[in-house]
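Chemist: Please find one structure pasted underneath; my questions will follow.
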Amino acid sequence: IALNESTDNTSQPQLALYGRYISPREDLKEELLEVLTLETTTKGQDIFDIVSRFFALSGIEWGSISECNIDGAPAMIGNMNGFKGRVKRVNPDIKFNHSIIHGQALASKNLSVEFENVMVIIINVINFVKVRDLNARLFKKICEENDAEYETLLFHNTVRWLSRGRALKRVFLLREELYQFLTEKGHINATKFNDPHFLAKLAFLTDVFTHMNFLNTNLQGRGKFVFELHNSIRVFINKLGVLREEAIQDNFIHFECFLELICFLNDDDIDFTPEVRILCDYLQKLATNFQERFPGLEVEDFTIIQAPFTGKPREEFAMELSQLQANPVAKLEFDSDLSKFCLSEEQYPELKSIAQK
């Protein structure tokens, strides 16, 4: 199961309860089980009680739950009075994971004063243009006159992490139109959009968030296995190292917006060394923060599920693995549909019981 607590537009706490389970037809199902209303407080006891009541009405036992995905809120993760601690008392075998997407968002926050200052200016400008209808219409007219690729900005949302990258990209692409519009309006930040050093930081920040958005997209979707999510995080951490090494060597092949800015400015005399240094420091801190947020990446070994046809069989599964590795039909089934392969327990029940958890 997975839990996500949020507040609706009436300030009423709501708890979304998702389930992933094997149906009687041996299909893997993923669905929103229920949205539960937390009437008063949102303490660990409240969350546990409301989920337990739903389970009782639905004929679900805590003993049938193998894994629970939660965010990092104290009410969720507390080992004594939190939801996690109370669940562990009724089922000590449940494995708890913190939301990988939530962790990715946290790992990406508050790492660079310089880039945070850029973000503050961008949010200020977006709000100035978008919140006032007249400003939005005037800005759209400028975009139309300039044959701009887009005619509107995108709102930034700190909760919806994908929105940050998209909002930055739209601002970068409309930087000329923004400079013209803000100058006409006498806006305090107008000159920023004619400052190559500010634009360089904006370009770098946009490029980094483009890579992060790609990660975020990979973490979403149905039918994902835990090892696939972990692999995506590992790949991203490695990618950050590559990006940093390239930037140190003044190789910006994977910084699309910055390359576009260089071509646009067409001025070899501008020294972007300070901005490159800020970028490299940010990439280093970002990689470190991801490693600290996901310490289990190097600990958990999913090889037996991810690649059971390679390597030496572990002793406790030696018999089943030896049979599996000698079965070419099983290899075809494994390669064609991993989830379907793992659901049938007619063969290799011990291995598949691990995969199903």
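Chemist: Using θ = phi - 60° and the Karplus form 6.51 cos²θ - 1.76 cosθ + 1.60, what ³J(HN,Hα) does each residue of the range 171-179 get, whole Hz, x for Gly and Pro?
Modeler: 4, 4, 5, 9, 4, 5, 5, 5, 4
Chemist: Separate question: How much length is gained on full extension from Val120 to Asn79, taking 0.36 nm per residue of separation minus their Cα-Cα distance? Provide the component values of the computation, followed by the final result.
Modeler: Numbers: separation 41, 0.36 × 41 = 14.76 nm, distance 3.68 nm.
Extra length from Val120 to Asn79 when fully extended: 11.1 nm.
Chemist: I would also like to ask the following. For the range 194-235, evaluate the Debye formula with one uniform point scatterer on each Cα (no solvent term) and list log10 I(q)/I(0) at q = 0.14, 0.21 Å⁻¹, rounded to two decimals.
Modeler: Values returned for q = 0.14, 0.21 Å⁻¹ are -0.45, -0.68.
Chemist: Right, next: Can you give the charge dipole size of the range 182-225 about its Cα centre, rounded to the nearest 20 debye, using +1 on the beta carbon of Lys and Arg and -1 on the beta carbon of Asp and Glu? Each step should come with its number before you reach the end.
Modeler: On the way: 5 positive and 3 negative charges, 53 e Å.
Roughly 260 debye for the range 182-225.
Chemist: With 31 Å as the limit, write out which pairs from Lys201/Lys224; Lys29/Lys95; Lys169/Lys285; Lys185/Lys285; Lys88/Lys239; Lys95/Lys285 have Cα-Cα distances beyond it, or answer none. Mind dumping the intermediate values first?
Modeler: On the way: Lys201/Lys224 35 Å; Lys29/Lys95 19 Å; Lys169/Lys285 22 Å; Lys185/Lys285 38 Å; Lys88/Lys239 37 Å; Lys95/Lys285 29 Å.
Checking Cα-Cα distances, Lys201/Lys224; Lys185/Lys285; Lys88/Lys239 exceed 31 Å.
Chemist: Could you derive backbone 3J(HN,Hα) for the range 16-23 from the dihedral phi with the Karplus parameters 6.51, -1.76 and 1.60 (θ = phi - 60°), listing whole Hz in sequence and x where the residue is Gly or Pro?
Modeler: 8, 10, 9, x, 10, 8, 9, 6
Chemist: 7 Å from Cα along Cα→Cβ at both Leu332 and Asp8: what's the point-to-point distance in nm?
Modeler: 5.1 nm
Chemist: Students often get this wrong: which residues of the range 1-41 have the backbone nitrogen under 13 Å from the point 7 angstrom along Cα-to-C-beta of Asn91?
Modeler: Counting backbone N atoms under 13 Å from the label point, the list is 1-3, 18-22.
Chemist: Let me ask something additional. Let a ≥ b ≥ c be the square roots of the eigenvalues of the Cα gyration tensor of the range 2-98; is it rounded (a/c under 1.5), or, if not, prolate (a/b larger than b/c) or oblate?
Modeler: Oblate, because a/c is 1.5 or more while a/b does not exceed b/c.
Chemist: Still on this model: Using a Förster distance of 45 Å, how high is the FRET efficiency between Lys43 and Val235, based on the Cβ-Cβ distance and rounded to 0.05?
Modeler: Values: r = 38 Å, r/R0 = 0.84.
So, using R0 = 45 Å, E works out to roughly 0.75.
Chemist: Would you grab the residues whose amide H sits under 5 Å from the one on Asn97? Only those 5+ places off in sequence or on another chain, please, with H modelled 1.01 Å from N.
Modeler: Result for Asn97 returns Cys68, Asn69, Ile70.
Chemist: Moving on to the next point. What FRET efficiency do you get for Ser64 and Glu31 if R0 is 25 Å and r is their Cβ-Cβ distance, rounded to the nearest 0.05?
Modeler: Values: r = 16 Å, r/R0 = 0.65.
The pair Ser64/Glu31 has a calculated efficiency of 0.95.
Chemist: Of the peptides 170-182, 211-223, how do they stack up when ordered by the mean number of other Cβ atoms within 10 Å, highest first? If you can, show how the numbers build up before the last one.
Modeler: Values: 170-182: 21.0, 211-223: 15.2.
Peptide ranking by packing, descending: 170-182, 211-223.
Bear in mind these aren't lab numbers, they're just calculated from the coordinates by the rules spelled out. Here the structure is a predicted model, which is why all the values come from computation and not from measurement. All Cβ positions, even for glycine, are placed from backbone atoms using ideal geometry, and neighbour counts span all protein chains on display.
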